[in-house]
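The values are calculated or read from the model by the stated rules, or taken from the named source; none is laboratory data. All values reported here derive from a predicted model rather than from experimental measurement. Cβ: placed from backbone, ideal geometry, glycine included. Neighbour counts: every protein chain shown.
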Amino acid sequence: MSRARQARWTWRFAEPPERIWPALADTARFNEAAELPKHRIEEVLQPDGSVIYIGRARLGPFAVAWRDVPVEWSTGRYFRHARLFHNGPFKSMIAALTLSREGTGTRAEYTLEVEPANLLGRLILAAGFFRNTERTFARLVAGVADYAAGRAEQPYVAKAAALPAEAAARLQVQLRQVESEGVRPELVLRLETLVVEGLEFDLQHIRPLRLARLWAAPEREVIELCLRAVRAGMLTLQWELLCPNCRGAKQGSGTLEQLPRGAHCATCNIDYERDFSRNVELTFRPSAAIRPLVEGEFCLFSPMTTPHVAVQQTLASGETRDVSADLPFDAYCLRTLHPGGSTTVEWKSGGFPAVVADATGVSAGPPAPPGMVRLENRGEREVTLVVESRAWVAEALTAHRATTMQTFRDLFATEILRPGDEAGIGQVTLMFTDLRGSTALYGRIGDAAAYRLVREHFAFLAAVVRENDGAVIKTIGDAVMAAFSDPARALAAALAVQGRVAAFNRDHAAGSQDVVIKVGLHTGACIAVSLNGRLDYFGATVNLAARLQGQSRGGDIVVSDDMAGDPGVGGQLATLGAQPETALVKGIETPIAFQRIVLAPS
């Protein structure tokens, strides 16, 4: 009978566990850097609603299949990943990592346990399997040490591979085009290095916000870099519909027009709808003419693929388990990996509430001892329990944010929803502006001069909106409608408009030709639709934003109470001396509350 063989490695780092965990727990990038092959996952639905994950790959001369058991982990502490093989030389392979604080540094213990299935498996193990693995691990751990110490930007690098001559020449032409459009050369060089040398895991879903963090560059500049690279043919864009549980992309499309309204996540066995502001993400990947990518996974259940999940554990029926965990006070969702209910807790003091699963769902139980999470499975079947932060993926460029950027609307005007389709947006901030007394202005200076002044004022507004990560949606006569994903940026844009209008008048008009701008701002939910061949917004939020602009006297800013309630806005309003007011507006029966910012003349 074959016995499992085990090897253990101990590594020490000068940096604390919170610096080491994001690298060593990033098992997808770790596996690619170790030059393991990609594999495909088949998700097999079970009668009880759970899912079994079957991996398939070619390992040298062997085509093998295995059951991929969901990884167990406690963030910053440990993970355990098991694969149970259906065929091939091995019966099972279990990898486990434990981190512990050692002074100001970290002690990491990595265990690899392999059970041979037959004579061939025993021969592979006897021929230096663990010795070869140790050499690979030594190389990877050295990269982690450099990363943790700040000597490297990332812990893992791809195996060097030169592009074919034709692809390399094509790439240089595209890079020159991107740079000619005003993108900083250093950012263009960064993107070139990523496309040529980056890990495939990173290239399958290029996230501009992640790149901005790694490169210490402004987010808008990196987003615009990627958008311009698409226009040049260097990258392709993809709209992906993320599962609200695992955050994985289960449906996607190269165009908004083809993006489905909803999707089914086989991993979590749930159906879900799309929301532009929450779960539709815009990512990028290299054009196949530059660097084609092999489809597949390096690790389905990497802890760092779902960093919002703090604890994930699989419990047998009737099992109770206490897990060490370092969780900050916050809001958490307690749920099962597969359908089985969920509950949200606001943890503010004391021990963390127990996670209790039974036939009716998941509930919060009595607090566990400090530093622990208690999990209880009172049901009749095995269940994987999850404790996750309610924060959405911080590095996801949502469809809402992308489509409220001026560069996107300029470069991809044809990216629209199909006729009759609409997409929900949980929150958008709209700014409406208009010229005060524009009819009198036309009468004073004549139609031609007034038209020219209005067009110049449109360009002035568009520039301010773009600087603040918004987009002009449309103009209506002398009015402008702009959209922002961040209420604070919308307020900044409004302040900039009124703060710079005097300079605009000095440059473009004089005396009786001065323009006075009215501004109204409102935040709320709406739907995105296609109208006149462009993306537009529809709903009560749009109507109220327009009505609030009508309450502006010119030179001031009117802000709805809904927007004033945003944490990034409320404090600024108090500093700016905003005054509360109410008014009846057309189409709304009850008075509307808002705040007026009166700015000193500049």
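Remarks
- Helices (runs of 4 or more DSSP H) completely within segment 415-515 that count 2 or more residues being loosely packed, with under 14 Cβ neighbours inside 10 Å and modelled with pLDDT under 85: 438-445, 447-467
- Among the residues listed as Arg29, Arg56, Arg19, the single one being among the basic types (Lys, Arg) and more than 30 Å from Arg101 (Cα to Cα): Arg56
- From the list Ala142, Ala169, Ala138, the one residue that fits, being out of contact with any helix residue (DSSP H, G or I) (no Cβ under 9 Å at 6 or more places or on another chain), hydrophobic (A, V, I, L, M, F, W, C) and more than 27 Å from Met93 (Cβ to Cβ), is Ala169.
- Out of Arg278, Arg291, sole residue that is basic (Lys, Arg) and either out of contact with any Ser or Thr (no Cβ under 9 Å at 6 or more places or on another chain) or not in a loop (DSSP other than H, G, I, E, B) (or both): Arg291
- Flag if Tyr78 is closer than 19 Å to Phe137 by Cα and of a type in the set (Ser, Thr, Tyr): yes
- Every residue from segment 342-386 that is touching a Gly at 6+ places or on another chain (Cβ under 6 Å), under 17 Å from Gln312 (Cα atoms) and among the aliphatic types (A, V, I, L, M): Ala354, Val356, Ala357, Val362, Ala368
- Single match in Val569, Val598, Val585, Val558 (criterion: at pLDDT 95 or above and either more than 19 Å from Val501 (Cβ to Cβ) or of a type in the set (Val, Ile, Thr) (or both)): Val558
- Residue in segment 199-206 that is hydrophobic (A, V, I, L, M, F, W, C), in contact with a helix residue (DSSP H, G or I) (Cβ under 7 Å, 6 or more places away or on another chain), at pLDDT 95 or above and assigned to a helix (DSSP H, G or I) present: no
- Qualifying residue in segment 56-73 (condition: under 28 Å from Ser389 (Cβ atoms) and small (Gly, Ala, Ser)): no
Conditions tested, residue by residue: (1) at pLDDT 95 or above; (2) assigned by TED's automatic domain parsing to the domain that holds Ser485; (3) more than 30 Å from Val465 (Cβ to Cβ); (4) not in a helix (DSSP H, G or I).
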residue	(1), (2), (3), (4)
Gly182	no, no, no, yes
Arg213	no, no, no, no
Leu225	yes, no, no, no
Leu241	no, no, no, yes
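- Residue in segment 291-313 that is under 18 Å from the mean Cα position of the chain (by Cα) and among the charged types (D, E, K, R) present: no
- Any hit, segment 110-132, residues being charged (D, E, K, R), assigned to a helix (DSSP H, G or I), more than 30 Å from Glu18 (Cβ to Cβ) and out of contact with any Phe, Trp or Tyr (no Cβ under 6 Å at 6 or more places or on another chain): yes
- Failed criterion for Ala162 (all others in (1) modelled with pLDDT of 95 or more; (2) in a loop (DSSP other than H, G, I, E, B) hold): (1)
- The number of residues in segment 104-122 being out of contact with any Pro (no Cβ under 8 Å at 6 or more places or on another chain) and at pLDDT 95 or above comes to 9.
- Those residues of segment 75-85 which are over 15 Å from Val309 (Cβ atoms) and either polar (S, T, N, Q) or in contact (Cβ under 8 Å) with a residue 24 or more places away in the chain (or both), in sequence order: Arg83, Phe85
This table checks each residue for (1) more than 29 Å from the chain's Cα centre (by Cα); (2) assigned by TED's automatic domain parsing to the domain that holds Asp271; (3) part of a strand (DSSP E or B); (4) not β-branched (Val, Ile, Thr).
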residue	(1), (2), (3), (4)
Tyr332	no, no, yes, yes
Thr343	no, no, yes, no
Glu346	no, no, yes, yes
Gly350	yes, no, no, yes
Val356	yes, no, yes, no
Ser363	no, no, yes, yes
Glu395	no, no, no, yes
Ala402	no, no, no, yes
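- Flag if Phe301 is assigned to a loop (DSSP other than H, G, I, E, B), of a type in the set (Phe, Trp, Tyr) and farther than 30 Å from Glu376 by Cβ: no
- Criterion: surrounded by 17 or more Cβ atoms within 10 Å (Cβ to Cβ) and touching a Gly at 6+ places or on another chain (Cβ under 8 Å) - qualifying residue of Gln174, Gln204: Gln174
- Subset of segment 304-330 that is small (Gly, Ala, Ser) and assigned to a strand (DSSP E or B) - its residue that is nearest to Arg374 (Cα to Cα): Ser324
- Scan of segment 516-529 for residues that are closer than 15 Å to Ala483 by Cα and surrounded by 19 or more Cβ atoms within 10 Å (Cβ to Cβ), ordered by number: Val519, Gly520, Leu521, His522, Thr523, Gly524, Cys526, Ala528
- Scan segment 516-543 for residues that are assigned to a strand (DSSP E or B), modelled with pLDDT under 85 and among the polar types (S, T, N, Q) and the total you get is 1.
- Test: residue in segment 387-396 that is under 30 Å from Phe538 (Cα atoms), touching a residue at least 12 places away in the same chain (Cβ under 8 Å) and buried (at least 20 other Cβ atoms within 10 Å of the Cβ): yes
- Looking only at residues in segment 215-232 that are small (Gly, Ala, Ser) and crowded, with 16+ Cβ neighbours inside 10 Å, the one that is farthest from Phe408 (Cα to Cα) is Ala217.
- Selection within segment 184-206 - closer than 16 Å to Ala217 by Cβ and either β-branched (Val, Ile, Thr) or not assigned by TED's automatic domain parsing to the domain that holds Trp239 (or both): Val188, Thr193, Ile206
- Residue in segment 536-568 that is surrounded by the fewest Cβ atoms within 10 Å (Cβ to Cβ), counting only those that are farther than 17 Å from Phe432 by Cβ and in contact (Cβ under 8 Å) with a residue 60 or more places away in the chain: Gly568
- Scope segment 26-58; condition aliphatic (A, V, I, L, M), surrounded by 14 or more Cβ atoms within 10 Å (Cβ to Cβ) and out of contact with any Phe, Trp or Tyr (no Cβ under 6 Å at 6 or more places or on another chain); matching residues: Ala34, Leu36, Val51, Ile54, Ala57
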